[in-house]
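Notes for the one structure printed next.
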């Protein structure tokens, strides 16, 4: 297994866990969609898988070893609001280089115009900023990508653009992908397997598309 | 019987006075030639990506644009110009806003009181939106995002408004809740209200609205019937067709390029740089809006 | 973003006004300081033939019981006050910046401890603590500067700590950590730059406080030696003559001090307005 979550429990107070006893696993090159009602804990699980939150109990394994706490995390999260995931006071060039230094060919493929690099986040639209988040998450060390409602705030054309370029990269490099979405149509388009969140608390049953 | 037009916006332009580089003051035209109309008993979806001017339209109608905005064009309510004096009288009574941001609520006032002083009306409205009675006694910061939006919807319902302007009412709601909120707008429209629903989620809007006004870079490119989206051949403008093709349930095929920025717009038709039918004619002048198959379109080649 | 810039309006805009006000105040204060600091001491030499004169053209602020020109003494006193105020509030702001960031980034116990120190410092009446520290560190200018900076950092520290806590929970901070960046790197790169405006606004707004406390302490006799031309000493000396109707001895130096304090406060408020993004476009 590429990434595996075992018996995860997490909550902001001890007595009321947001998620409890959740199991999840995904293999290399697999594209999994996670669907479920709002507030069920999908976002919490994605943050735990990306190492942004530490579970109260249970563990996240990456290639059968615990997910590294320090250093570059091989599972990268792309979040719903790109404007919150980018420091508003830094030029985008600096933000991108925090992860890695992509070449011109990559930037072209991901749809980042060279002149955007010298701008501040407030000068770009949500769709343009989300490309930077995608580019950042696609650093060479990344093996697994978690997209939490990544395209929900975007219009349909930008959504299709971003998914097209991201899927091209993911396919080429054989990365794993977890898509958290409320749109069944999108899940069916992008993923090879759809998982309902409720099924994760029992044995990870899922439906193939 | 012909239904009465409640709100008619024509040739609206909005320019912001801005500080650009250094201390110089300039003007930034963010909306030009924007038109939309809503009739009694219908939902008009205003669709467009961010930066297309759809929220500014709502703010212009309600007279809540920031101080540095200059507005030209006509806004008519019930056939008469909507002056600021008239607006003050109607706002919150006949015209209601379901805002995009929860920051429109007073943070120091219990939500029940903010919806209306009439407790029973609030209770009924809250029941419709599956809000518990205890929510009336909470302060805005104690609500979740989805709850907050339902409270905002309830506010519009309680006033019994004739014109409801909903600015992105559904993000942050789960699919069921979003569907329920849309169903309520549908009910309000069926009861005779005119609803202007501003959204980027064209997918959800199409299931509940009657007509769609498609905005692109601050202008209206097409007004179509919701049913037109069933078949790409019924759509009129190349941008609307591009939207259709990009939907996951259709082709999921993206059209390259991005919407141009205000202040950096191309000459002539604003969609010309991304259009596959573009000719030299298109770049010469902005296309006039014309009626085509029960809809409106601003494209010289639409047929 | 490229913009088509329409012709500028004739009326000057608000941001430019704020800028002009800031520069103007700054120039006035700097001039005052330089004139005072470089002033020839002969200008306020005792002259017993000119004792206790009311304001005239030659002595606009009058003279005191030793026949010293009060105008020159006031200017000299103000420049001294400004020097102490600037040094002390600068030191206070630096302490605040360090404490605020360490408190917000460090371990929980450290945060609790520093918070306790802040509460403790704020809990003791300002003036009492100031007097104690000033006496303990040997009075004079050094004692005043140490005293003022050690009592004035808490307010800014609290604001900075609050800001850091808020910024630390931002998504881009988490993202940066998960891209393999160390805590220190994130603090220097992402958090410190956000603190710079707070730092400067806090510094300038603390300035008038520092000056007032310096004068107050000197007035009470715990500050500078009595021969120094400081506003506090001038005021304290004038007390003996006020009942005799010699109003100018207190009025002009007092008013001058009040004006300088108000000017600096205005500078701080203008900076806040100019740096606050919410009002920047108006």
Quiz item: So which residues in the range B:79-117 are in contact with a helix residue (DSSP H, G or I) (Cβ under 9 Å, 6 or more places away or on another chain) and closer than 19 Å to residue B:8 by Cβ, if there are any at all?
Solution: B:80, B:82, B:87, B:91, B:95, B:96, B:97
Quiz item: Within the range B:28-51, which residues are at pLDDT below 85 and under 21 Å from residue A:158 (Cα atoms)?
Solution: B:49, B:50, B:51
Practice problem: Just one of (1) within 8 Å of chain C (Cβ to nearest Cβ); (2) surrounded by fewer than 21 Cβ atoms within 10 Å (Cβ to Cβ); (3) not in a loop (DSSP other than H, G, I, E, B) trips up residue A:89, so point out which. | Solution: (3)
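Quick check on my filter: what residues within the range C:27-54 are closer than 26 Å to residue C:214 by Cβ and surrounded by 15 or more Cβ atoms within 10 Å (Cβ to Cβ)? So that I can check it myself, show each step before the final result.
Within the range C:27-54, the first condition is being closer than 26 Å to residue C:214 by Cβ, and the residues that meet it are C:27-46.
Scanning the range C:27-54 gives C:29, C:32, C:33, C:36, C:39, C:44.
Every residue, every condition in (1) within 19 Å of residue C:151 (Cβ to Cβ); (2) surrounded by 15 or more Cβ atoms within 10 Å (Cβ to Cβ), yes or no:
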residue: C:78; (1), (2): no, yes
residue: C:100; (1), (2): yes, yes
residue: C:104; (1), (2): no, yes
residue: C:120; (1), (2): yes, no
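Specify which of the listed residues (B:96, B:121) is modelled with pLDDT of 80 or more, buried (at least 16 other Cβ atoms within 10 Å of the Cβ) and assigned to a helix (DSSP H, G or I).
Every option except B:121 fails the conditions.
Which of the strands (runs of 3 or more DSSP E) contained wholly in the range B:145-260 include at least 3 residues that are farther than 19 Å from residue B:36 by Cα?
Strands (runs of 3 or more DSSP E) meeting the threshold: none at all.
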Quiz item: Inside the range B:110-151, can you point out the residues that are within 21 Å of residue B:197 (Cα to Cα) and free of Cβ contacts under 8 Å to residues at least 24 places away in the same chain?
Solution: B:147
Self-check item: Output for the range A:69-90, where each listed residue is free of Cβ contacts under 8 Å to residues at least 40 places away in the same chain and touching a helix residue (DSSP H, G or I) at 6+ places or on another chain (Cβ under 6 Å)
Solution: A:73, A:84, A:87, A:88, A:89
Quiz item: Considering the range A:17-55 alone, what residues qualify as being more than 24 Å from residue B:180 (Cβ to Cβ), crowded, with 16+ Cβ neighbours inside 10 Å and more than 16 Å from the chain's Cα centre (by Cα)?
Solution: A:17, A:19, A:20, A:22, A:23, A:55
Quiz item: Out of all the residues in the range B:131-162, which are at pLDDT 80 or above, under 26 Å from the mean Cα position of the chain (by Cα) and farther than 27 Å from residue B:78 by Cβ?
Solution: B:131, B:151
Quiz prompt | Contacts under 6 angstrom Cβ, first residue in the range C:42-59 being in a helix (DSSP H, G or I), partner at pLDDT 85 or above, 6 or more apart | solution = C:43/C:72; C:44/C:68; C:44/C:69; C:44/C:72; C:44/C:73; C:48/C:67; C:50/C:63; C:50/C:67
Exercise. State which residue is farthest from the other protein chains (Cβ to nearest Cβ) when the search covers only the range B:189-213 and only residues that are farther than 18 Å from residue B:240 by Cβ and buried (at least 22 other Cβ atoms within 10 Å of the Cβ).
Key: B:193
Quiz item: So which residues in the range B:60-80 are within 19 Å of residue B:193 (Cα to Cα) and either crowded, with 16+ Cβ neighbours inside 10 Å or without any contact (Cβ under 8 Å) to a residue 24 or more places away in the chain (or both), if there are any at all?
Solution: B:61, B:62, B:75, B:77, B:78, B:80
Self-check item: Matching helices (runs of 4 or more DSSP H) fully within the range A:93-209 where at least 2 residues are within 11 Å of another protein chain (Cβ to nearest Cβ) and surrounded by fewer than 23 Cβ atoms within 10 Å (Cβ to Cβ)
Solution: A:126-137, A:156-173, A:184-190
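The values are calculated or read from the model by the stated rules, or taken from the named source; none is laboratory data. Quick caveat: nothing in here was measured; it's all calculated off a predicted structure. Virtual Cβ from ideal backbone geometry, glycine too; neighbours counted across all protein chains shown.
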